[in-house]
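Report on the following structure.
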Amino acid sequence: MFMNNFARRTGSAVFKNRRMMSAGHQSEAEVEKEMAKWYKMTIVMVGLSSLLAVYNIVAHDHEHVRHGLPYQKIRSKPFPWSCPDCPLFDGDCWKECRENK
């Protein structure tokens with residue numbers, strides 16, 4: 001309560017007619033120079049992050065072989081189609097099943 005009243009009483013007197021922004025004390029030339037610096041830094045960082053993203057997409061091996069693991073063949077009952085051991089969208093398993101029949 002004390003801080004609230006204190007801020008209300010002193011705030012208007014201390015900061016009256018004064019803009020409290022980060023660039024309020026700089027000249028217009030300094031502000032333009034600072035803006036140009038941050039614009040260039042933004043362009044560089046966007047370029048670097050884009051290059052890093054492209055590198056991660058191209059260089060990363062997207063093949064995650066996970067077929068044939070023992071826990072993937074646990075079945076409580078066979079599938080209801082002609083190859084009961086093959087999942088529905090596993091084309092290699094279906095081809096192998098049809099060749100064996």
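Ranked highest first by average number of other Cβ atoms within 10 Å, how do 78-88, 50-60 line up?
Most protected by this proxy first, the peptides run 78-88, 50-60.
For Lys77, give me every one of the lysines with a C-alpha distance below 30 angstrom, ignoring sequence neighbours fewer than eight places off in its own chain.
Straight-line reach from Lys77, under 30 Å: Lys95, Lys101.
Quick note: the coordinates plus some simple rules give every number you see, no bench work behind them. Computed from a predicted structure; not experimentally measured. Positions of Cβ are generated from backbone atoms using ideal geometry, with glycine treated the same way; all protein chains shown enter the neighbour counts.
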